[in-house]
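Readers should treat all values here as calculations from the given coordinates under stated rules, not as data from a laboratory. On a predicted model such as this, the values are computed, not experimentally measured, just so you know. No Cβ is skipped: glycine too gets one built from the backbone with ideal geometry, and neighbour counts run over all protein chains shown.
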Amino acid sequence: MDFEFSQEEEMFRKTVRDFAQKEIRPYVREMDEKGEMPKGLVKKMADLGLLGITIPEKYGGPGGNFMLACIAAEELARADLSIAIPVFYLVEASWACVFARYGTEEAKQEILPKVASGEYFFGIATTEPAGGSDIVGATKTTIDEKGDKYVVNGEKVYISGVKESTTLMKGRYFTTAYMDKNASPRHRGISAFILPVEKDTPGLTPTLFEDWGRMGISTGGFAMENVEIPKHWLIGEPNRGFVYSMEGFSAARVIIGATCIGAALGGLEIGMDYIKQRKAFGKELGKYEGISFPLADWYSKLMGDRLVMYRAAWTMDKMYAGNEKYSHFDVALWTAMAKLRAPIDAFSILNEVADWHGAFGYTKECEIDLGIRGVRSYSIGAEGGMNIMRLIIARELLGKEFVPYDRQK
Ligand SMILES: Cc1cc2nc3c(=O)[nH]c(=O)nc-3n(C[C@H](O)[C@H](O)[C@H](O)COP(=O)(O)OP(=O)(O)OC[C@H]3O[C@@H](n4cnc5c(N)ncnc54)[C@H](O)[C@@H]3O)c2cc1C
């Protein structure tokens, strides 16, 4: 067992930390208020090799593994407590990775270099108005063959990056729809494909939701009426889209863990600076055990979360390197634990740090509200609700016969 980061990992962390503290942190409040990313940031992230970090070099990507992906996510979130930039980063890192594994060669050559250069945003669109947890039951969108193309009809909601994809850049989304409507079990009827999301995509009507956090990246949706998809944009085998989606969710969940841990660490640092200098009753706040003991408790808990998260990233890298000891089920278990622990603890930590600041903690001069609003998106459900994480963990511990729903329907 080796708990040390390699020299390469340490150097990478320092590079991202310096970049994020200089290029992102000073602009986070402005980003929150304006609801848009700082101008030119996408290009700077591309130049540093942060966009689509897991995209292999042969497709113009940085070729990073999940350890590196998580290190960068931690550092981006330490600088951007609102987690808008980390979300932009992690959605691409996880879903472009699945596309890079299963997409057709032609589609990958066409799309991935443009994701790495910042011309395309690579997103994920599985959630529909009927629900996000039960993809099998809630998916109503269909994909059908029409001549030499596919056509897609339906609606996706609560989708990250819709405004960015239709204004700042162009979007390419990993999307799911029913191809075989009579499949049994039903999840074997879902296919995955690339959906173009641009300002003028024929048949696509974008919408936007008004969120209360991570304002620098939008959440929206789109109605699709006969949106045409080239045949080679189908991802992997027809009707295996559910399996590819589960792989993508695992990838996203570990980087979400890293993101929430980074935001909590950033918040704790702000809090510690404050309690070392703020005095009450003649002493620094940090000298009162009512303040320092919760710090000790929360820090210990967060370091536990961090170990679970890096274990999840390590397991993921082992699986992708072809080590047969580690299956997708191990990955699903560890990544679900990372996603279950980090968002909940990060939210509680940031809430605690707000208390240390007294009234100042309730003002926008303090950065803490950004973090509280940002990390909450991940405990409320983005990339899978907490109970879904619990379902996965319990399934891996007890066996799939203990899943409480009928898998055949
Ligand atoms: C900010 C934000 C950004 C998002 N971005 C994207 C995106 O880019 N792409 C995308 O496809 N989706 C996105 N989502 C949607 C997200 O994936 C869904 O919110 C999530 O899957 C949950 O679906 P739902 O919101 O429909 O809740 P539901 O599925 O309706 O569930 C509601 C609640 O019930 C719980 N629940 C459900 N089933 C069970 C069960 N069997 N047992 C116990 N409890 C259960 C859930 O955990 C949840 O708390 C985003 C969401 C948010 C908040």
Which of CYS70, CYS97, CYS260 comes first, and how do the rest follow, when ranked by fewest Cβ neighbours within 10 Å?
-> CYS97, CYS70, CYS260
Step through the table entries LYS156/LYS400; LYS149/LYS181; LYS163/LYS364; LYS108/LYS149; LYS108/LYS146; LYS39/LYS114, compare each Cα-Cα distance with 21 Å, and write down the pairs that go over it.
-> LYS156/LYS400; LYS163/LYS364; LYS108/LYS146
Theoretical FRET efficiency, 1/(1+(r/R0)^6), r = Cβ-Cβ of GLU365 and ARG188, R0 51 Å, to 0.05 | 0.40
Contour minus Cα-Cα span, LEU48 to LYS279, at 0.36 nm per residue, comes to 79.0 nm
Per-residue ³J(HN,Hα) for the range 32-46, Karplus 6.51 cos²θ - 1.76 cosθ + 1.60, θ = phi - 60°, Hz, x for Gly and Pro | 5, 6, 7, x, 8, 6, x, 4, x, 5, 4, 5, 5, 5, 4
Long-range amide H partners of GLY171 with built H, under 5 Å = PHE121, VAL197, GLU198
Where trypsin sites (Lys or Arg not before Pro) fall in DSSP loop in the range 38-138, at most 16 other Cβ within 10 Å | LYS39
Taking the alpha-carbon centre of each part, the distance from the range 1-63 to the range 311-378 in Å is 18
At 7 Å along the Cα-to-beta-carbon direction for both GLU228 and ALA394, put a label point, then send me their distance in nm to one decimal.
-> 4.8
By how many nm would the segment from TYR299 to ASN351 lengthen if fully extended, with 0.36 nm per residue of separation less the alpha-carbon distance?
-> 17.4 nm
For the chain, longest principal axis from Cα atoms; helix 328-356 axis from its Cα atoms; angle between them, nearest 10 degrees, is 40
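Quick one: VAL87, VAL151, fewest Cβ neighbours within 10 Å first, how do they rank?
Numbers: VAL87 29, VAL151 17.
Placing the least packed residue first, the sequence is VAL151, VAL87.
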About its Cα centre, what dipole magnitude does the range 121-241 give when the only charges are +1 on Lys and Arg Cβ and -1 on Asp and Glu Cβ, stated in debye to the nearest 20?
-> 220
Classified through the alpha carbon gyration tensor (a ≥ b ≥ c as square roots of its eigenvalues; rounded if a/c is under 1.5, else prolate when a/b is larger than b/c, else oblate), the range 319-405 comes out prolate
Could you work out how far helix 368-380 tilts from the main Cα principal axis of the chain, as a 0 to 90 degree angle to the nearest 10?
-> 40
Cα centroid of the range 287-306 to Cα centroid of the range 161-205, whole Å | 43
Derived scalar couplings ³J(HN,Hα) [the range 177-193; Karplus, 6.51 cos²θ - 1.76 cosθ + 1.60; whole Hz; x for Gly, Pro] = 7, 6, 9, 9, 6, 9, 4, 9, x, 5, 5, 7, x, 8, 10, 10, 7
Relative to the longest principal axis of the C-alpha atoms of the chain, give the angle of the C-alpha long axis of helix 386-398, reported between 0 and 90° and rounded to the nearest 10°.
-> 80
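How large is the dipole of the range 242-402 about the Cα centre if only Lys and Arg carry +1 and Asp and Glu carry -1, each at its Cβ, rounded to the nearest 20 debye?
The dipole of the range 242-402 has a size of about 120 debye.
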What percent antiparallel are the DSSP beta bridges of the chain, to the nearest 5?
-> 80
Ranked on Cβ counts within 10 Å of their own Cβ, fewest leading, VAL136, VAL197 go VAL136, VAL197
Write out the chymotrypsin sites (Phe, Trp or Tyr not before Pro) in the range 184-291 meeting two conditions: DSSP loop, and at most 16 other Cβ atoms within 10 Å of their Cβ.
-> TRP212, PHE281, TYR288
Among PHE19, PRO38, GLY60 - extreme Cα towards positive end, dipole of the range 1-69, charges at beta-carbon | PRO38
Calculate the dipole size of the chain relative to its Cα centre from +1 charges on Lys and Arg beta carbons and -1 charges on Asp and Glu beta carbons; express the result in debye to the nearest 20.
-> 360
